[in-house]
Amino acid sequence: MLDLNFVRDNLPLVEEKLRQRGINPAELLKDFTAIDAERRQAITAAETLQARRNRASEEIAKLKKTGQDASAQINETKELREQIQDSEKKAAEQEVRLRELLTAIPNLPHASVPAGKSADDNVEARRWGTPPKFDFTPKPHWELGEELGILDLERAAKLTGARFAVYWALGARLERALANFMLDLHTKEQGYTEVLPPFLVNSESMYGTGQLPKFAQDLFRVPHGDKDLWLIPTAEVPVTNLYRDEILDGARLPTRDQRLRHRESVDQAQAPTAHVERRAFFPDLQLGMELRRERRIVVMRFAGGHDPIDLVRGDAGSSQSIPRGRRA
């Protein structure tokens, strides 16, 4: 969530960045300025009334000490208390409305990102690898997986539902081997520390990485007493939140943490043949780095569709163009 002071002090910039993302600022920000002003007015009113009440209480004490009647002042403090409570209630109500608006604001694109309305407007920054050429029509991996007997979509649908997969034999071993390879590579050669945080997180953590409130319908919620817990949709959530609300000793920076976790989320994409690559549970390696100067957390995710060796070592593997442009 963007800082309230930043949005307030840079509102024209925020509006322009939203337009660059194809978002109408008026629809998203709505009456942000009015709500912010009402909240600040209510807070000021509560503080002013509290100061008056404090002075009245002091006067009551003096009057009682000298044996004088303080009933008028006592009645005044009662009225002031009700007015204070009313102002605090108004401030709290506006605080909730303000938070709802702020949590809906997406990340603002960096100045280096070209503005565009679709992927067609992306600017190719560089190209690596050589496009493979086949003398046959290649099949998608979900068809190959079923033919090889390592993916079982029918039984997965019976067990759980659509968009899931059961891995058999070499398919299961392949996933385990890739996970071990990636974890071992980063811990032994890249200086990362393997971490195993909980699979369930609270709402504060989900807000911290931006899953809430926008993607609430895509997540698995677990009611727990008077609050909700959430199955993590990606290992990014616990890794990024490890140091939330903490001030780290500069001597410890940078920290490098990694976590492998099967992602648990619902993909709303309706591609009819993409139920494996878009399935709800799949391995997801997260590398989180807390930097000293940037004062931010950089999280790199390496999920399906890429050669992990190429990604972690920077070698040219499969052919990919790396665009620079608007992200959804």
- request: Considering each residue of the range 142-178, count those that are within 29 Å of the chain's Cα centre (by Cα), among the charged types (D, E, K, R) and over 21 Å from D218 (Cα atoms), and give that number.
  value: 2
field: Exclusive hit being within 11 Å of the chain's Cα centre (by Cα), assigned by TED's automatic domain parsing to the domain that holds Y192 and modelled with pLDDT of 90 or more, set E204, E236
entry: E204
- prompt: Given M182, M206, which one is surrounded by 15 or more Cβ atoms within 10 Å (Cβ to Cβ) and without any contact (Cβ under 8 Å) to a residue 40 or more places away in the chain?
  reply: M206
- request: Quick one: in the range 135-165, of everything that is in contact with a Leu (Cβ under 7 Å, 6 or more places away or on another chain) and either free of Cβ contacts under 8 Å to residues at least 60 places away in the same chain or not assigned by TED's automatic domain parsing to the domain that holds R259 (or both), which residue is nearest to L196 (Cα to Cα)?
  value: I150
message: Checking the conditions here, which among T130, T160 is modelled with pLDDT under 95 and closer than 28 Å to F215 by Cβ?
response: T160
query: Taking the range 222-244 only, how many residues are touching a helix residue (DSSP H, G or I) at 6+ places or on another chain (Cβ under 9 Å) and either exposed (fewer than 15 other Cβ atoms within 10 Å of the Cβ) or more than 15 Å from N202 (Cβ to Cβ) (or both)?
result: 2
message: Considering only residues that are in a loop (DSSP other than H, G, I, E, B) and crowded, with 16+ Cβ neighbours inside 10 Å, which ones fall in the range 1-24?
response: R21, I23
field: Options A72, A61, A104, A92: the member that is surrounded by fewer than 17 Cβ atoms within 10 Å (Cβ to Cβ) and under 23 Å from Q211 (Cα atoms)
entry: A104
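The values are calculated or read from the model by the stated rules, or taken from the named source; none is laboratory data. Quick caveat, the model's predicted, so the values are computed rather than measured. Don't worry about glycine lacking a Cβ; one is built from the backbone with ideal geometry, like all the others, and counts go over all protein chains shown.
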